[in-house]
Amino acid sequence: MDCPYLDACPIFAKFSSEGLANIWISGYCKKNEGGDCERKKLKDGGKEVPITLLPNGTHLKSLAK
Ligand code: SF4
């Protein structure tokens, strides 16, 4: 099952490469309802999710641009 936030998750519009976005989507968003994703964990907890946060918990500063 897909992550319930997949349609509206803002980080994918930030990736210039569709292939790169799809790597994250297949690795996190389309597995385990997104349960392994650090973005989803924050969102589920009602916390603000930084735009630079990647599903694996690291930050990519270029996503802030
Ligand atoms: S990045 Fe995380 S929160 Fe966003 S759609 Fe994928 S699994 Fe869900």
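Read the figures in this text as sums done on the coordinates, not as results from a lab. The structure presented is a predicted model; accordingly, all values stated were derived computationally and were not measured. Glycine gets a Cβ as well: all are built from the backbone with ideal geometry, and neighbour counts include every protein chain shown.
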Inset, instruction - Assign one of three labels to the chain, namely rounded, prolate or oblate, based on the Cα gyration tensor with a ≥ b ≥ c the square roots of its eigenvalues; rounded applies when a/c is under 1.5, prolate when it is not and a/b is larger than b/c, and oblate otherwise. - result: oblate
Legend entry - GluC sites (Glu not before Pro) lying in DSSP loop within segment 1-62, provided at most 16 other Cβ fall within 10 Å: E48
Legend entry - Computed [θ] at 222 nm, deg cm²/dmol, the chain (DSSP H ≥ 4; -39,500 (n - 2.57); rounded to nearest 500): -5500 deg cm²/dmol
Inset, instruction - Can you list which of the trypsin sites (Lys or Arg not before Pro) found in segment 1-56 are DSSP loop residues with at most 13 other C-beta atoms within 10 Å? - result: K47
